[in-house]
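Since every read-out is calculated from the coordinates, none of them should be taken as a lab result. Just so it is clear, the model here is predicted, and its values are computed rather than measured. Every residue, glycine among them, receives a Cβ derived from its backbone with ideal geometry; neighbour counts consider all protein chains shown.
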Amino acid sequence: MKKLVWSIIAAVLLAASTITTAWSQDWNHPQLTDTYSSFESALTNRDQDLALMLDPATTSPTNLPTNSIRWNSSNAAWEKYNGTSWSNLLTGGIVIPNGQGIKSAAGATVATGSGGNGFIAMPAGDSYAAFAAYGHSSSQSGDLLDLYNYSGGVNKFYVSASGNATVTGTLSAGASTLSSLTVSGSASLSTAAYSGAVTSTESCATGYTRITPNYCARSVIYGHYATFTNGACTTVAAPAADATAVVVAVTASVRAGSLRIGKRLL
């Protein structure tokens, strides 16, 4: 009885160790020329290779048949063997049949609409985004989102890596035209039709004051005087290098020595 108990314990320990340890099983075996123990061990190892989905993290089989498929946990991808090397199996993407969907463990669902009306995103709660697009890295240069009217057609809407959105067509909200539009940065429109006022919210430069919804100005009074000589040109310097409009007030006065006889604003 004692021998039987120890044998059972040893067998259990051996089984546990082989499941968690990577080994190199030659898939050209077993063969009829193998010993009984080698034949049995090869069959067991091949079964465990398959149970672990040929994952290179836990298995390292050799002489696998061409077109073998494995799960690679290091890059979370299914791969196919061409007889020499492994490559990603899903190079053409995944096609989801109409009416089917993908549900995450948190309860969010992304499914195709009835009649093939594209994808419907249903987040698990109001605090989750219905759809999120991520670039490859912080140096992403390609668009984050591109929407076409059909495969190979016109790019109707896209969001660049810098966050700029471009719409080909009419930008609407619901069934009516936008009642308001806020643009942070620059906007380019080939044609714009609006019935209300267009107001800029851009801050005025330092020293300038907004005097109309779309106009900032700086009003500075310079006490600059120049003496004019009759029949000659007198140069007067502009009050500021960035001045675009200068109001000049010229006063003519008649003096007799230090006594001013008359004064007139021209």
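Structural remarks
- Here the extension length gained between THR66 and THR84 equals 5.7 nm, from 0.36 nm per residue of separation less the Cα-Cα distance.
- Between ARG46 and PHE157, the distance separating the two model label sites (each 7 Å from Cα on the Cα→Cβ line) works out to 5.5 nm.
- Compared with the alpha-carbon gap, the fully stretched path from ALA57 to TYR208 is longer by 47.8 nm at 0.36 nm per residue.
- Two-site FRET efficiency, THR251 against CYS216, from Cβ-Cβ distance with R₀ of 30 Å, rounded to 0.05: 0.50
- Modelled label positions at ALA76 and SER138, each set 7 Å beyond Cα in the direction of Cβ, lie 2.1 nm from each other.
- Annotation: extensible slack from ASN149 through THR229 equals 21.4 nm (criterion: 0.36 nm per residue apart, minus Cα-Cα distance).
- Paramagnetic reach from ASP26 in the stretch 40-61 [backbone N under 20 Å; point 7 Å along Cα→Cβ]: 40-50, 59-61
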